[in-house]
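Report on the following structure.
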Amino acid sequence: MLLQRGILCALLLTLCSACTHGAAPVGRGKLVVATTISTLASLAQMVSGDRLDVVNLVPIGSSPEDYQPTPQNVARLRTARVLIENGAGLETWISHLVEGARNPLLHIVVCADGLPVKNGNPHLWMDPILARQYVRKIEIGLEQIDPSGRFFYRANLRRAVAQLARLDRSVRRKIETIPPPNRTMIVFHNAWQYYNDRYGIRTVGAIELSPGQEPSPRYLANLITLARQYRVRAIFAEPEYSPKLAQMLAENAGIQTVTNLYDDSLGNDPRIRDYVGLITYDTDIIVGALK
Ligand SMILES: [Zn+2]
């Protein structure tokens, strides 16, 4: 009898540790987590580990601001149990997509809700300190759809928070090597406000004020004046946008163009396939251009 009880206990312990150490709950496939952009998918994966399937809606290399959802996106949302979106006006197309999916089981996590949004700018995740708030919210969302995985998610959250704190310290140390007068940027689209505010870089201007809107010649002339006034060393853009305007502005201001920053989207390069890699890569590019 005692032996049988011992075997039962050992069996329960094994099952229990399988539940809390990442295996999918017994008797069904993995639950699906949908994310709107690939940078959020990476933050979600830090918490979900392999226990859940993270599927992303906006493909790598596409811009979420002017994204056109596809029927495949609707199908993905139909099977998902949780949707992780940024909010703060980034994904203007998402409510239409959610309505189309008609999925009563879908739990929605809006990462930027309750965080300090500046000037309607949705790119809060670019600040690793704010990204810690994102992973905390994601963890709460995952517990809600999969309570038996809570210890696994909480352990992953602790690791993610520590990793993001290390990332913050590393970025800070690197930016400190840039001479203070050089800490200025002109950007193509202003994904850099929160990052720049955190690390003491002045955003002198952005070429594109709102998604898809071409700047007027007068606005561009003003940016060239500002670039000279602040002795801006480079104009920064992302590969998903045409480099023409940034190059034209840089030529007129007599400075260099950097066209390989990543922010809304991860990249296919192995160095930028996750959030920590992306921030590290961008920081090295920025430091290299401003030093
Ligand atoms: Zn953006």
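The values are calculated or read from the model by the stated rules, or taken from the named source; none is laboratory data. Just so we're clear, the structure is a prediction, and the values are computed from it rather than from any experiment. Here the Cβ positions follow ideal geometry from the backbone for every residue, glycine too, while neighbour counts run over all protein chains shown. For accessibility, only protein heavy atoms count, side chains too; no ligands or nucleic acids. Shrake-Rupley method; radii C 1.70, N 1.55, O 1.52, S 1.80 Å.
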Query raised in the report: Within the range 257-273, how many residues turn out to be away from the ligand (no atom under 16 Å from the Cβ) and crowded, with 23+ Cβ neighbours inside 10 Å?
Result: 1
Query raised in the report: Listed residues T177, T184, T225, T203; which is farther than 24 Å from I60 by Cβ, within 16 Å of the ligand (Cβ to nearest atom) and at pLDDT 95 or above?
Result: T203
Requested in this report: Can you run down the residue pairs with Cβ atoms below 6 Å, 6 or more apart or on separate chains, where the first is in the range 61-85 and assigned by TED's automatic domain parsing to the domain that holds A131 and at pLDDT 95 or above and the partner is open to solvent by 40 Å² or more (accessible area, probe 1.4 Å) and away from the ligand (no atom under 16 Å from the Cβ)?
Outcome: R81/L105; V82/H107; L83/I108
Query raised in the report: Does any residue of the range 228-235 turn out to be at pLDDT 95 or above, assigned to a helix (DSSP H, G or I) and closer than 20 Å to T177 by Cα?
Result: no
Report task. Collect the residues in the range 35-73 that are within 19 Å of V109 (Cβ to Cβ), β-branched (V, I, T) and surrounded by fewer than 19 Cβ atoms within 10 Å (Cβ to Cβ), keeping them in residue-number order. Result -> V55
Report task. For G120, work out the one condition from (1) on the phi > 0 side of the Ramachandran plot; (2) crowded, with 23+ Cβ neighbours inside 10 Å; (3) not hydroxyl-bearing (S, T, Y) it doesn't fulfil. Result -> (2)
Query raised in the report: Out of all the residues in the range 94-115, is one or more open to solvent by 10 Å² or more (accessible area, probe 1.4 Å), assigned to a helix (DSSP H, G or I), of a type in the set (G, A, S) and assigned by TED's automatic domain parsing to the domain that holds A165?
Result: yes
